[in-house]
Structure formats: C-alpha cells, structure tokens
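FYI, it's all coordinate maths here, none of it is from the lab. Quantities reported herein were computed from a predicted structural model and do not represent experimental measurements. Cβ atoms come from the backbone with ideal geometry, glycine included; neighbour counts cover every protein chain shown.
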Amino acid sequence: MRNVPLHIDFKGKHLTGVADPVETQKNVVPTSHTIYLGGKFIGTLRCEKDKWILDRPADLDLVEALGEYLLAWYE
C-alpha cells in the first residue's frame, strides 16, 4: 500500500501530512497508520471496535477527523 496524503481543515487550520499504512495486506483496508502532520510524527492511529485511537495524547476530535479522512480515502 502507498502512503496517504493528508489535507484536513480542523478548527480553522489547514493541516497537511501523510499517513503511512502499518499493515499492508492485498485488498484489505489498513486499520493502522503512522501519522505525520506538518512534518512531525504525531503517533500511530488505529481503528479498534469502530473507534479511532492514537497511541499518543491528542485532541479526540482530531483523531476522529483523521480516521474519517482515511475511511473516505479508501472508499
């Protein structure tokens, strides 16, 4: 799988970055991504039981926005 470019408008700011899939199985949407915003590593985002979780402290709304962005990307 290839990296996913991130372009998210969040709380009045335009955030850009990249999501690197951690798990890469053919024809399966990755449920875990390493997230970089503004060139900085912010953590590993994963989906568990229909909920997005980041392994580092972060704004929960941002975590959800990133998860929704990734779901839309793979549709």
### Sparse-neighbourhood loop sites, trypsin sites (Lys or Arg not before Pro) in the chain - DSSP loop, at most 13 other Cβ within 10 angstrom
2, 11, 26, 49
## Note on the structure
To the nearest 10 degrees, the tilt of helix 60-74 (Cα long axis) against the first principal axis of the alpha carbons of the chain is 40
### Mean ellipticity per residue at 222 nm, deg cm²/dmol - from DSSP H runs of n ≥ 4 across the chain, formula -39500 (n - 2.57)
-6500 deg cm²/dmol
### Message
To the nearest 20 Debye, how big is the dipole of the chain about its Cα centre, given +1 on the beta carbon of each Lys and Arg and -1 on that of each Asp and Glu?
### Response
220
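What relative contact order, as a whole-number percentage, does the chain give when Cα pairs under 8 Å and 6 or more residues apart are counted?
On the way: 117 pairs, mean separation 16.5, N = 75.
Computed value for the chain: 22 percent relative contact order.
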### Task
With springs only between Cα atoms under 10 Å apart, run a GNM on the chain and tell me which of 16, 34, 44 wobbles the most.
16
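What list do you get for 55, 20 if you sort them by fewest beta carbons within 10 Å?
Details: 55 13, 20 16.
The most exposed by this proxy come first: 55, 20.
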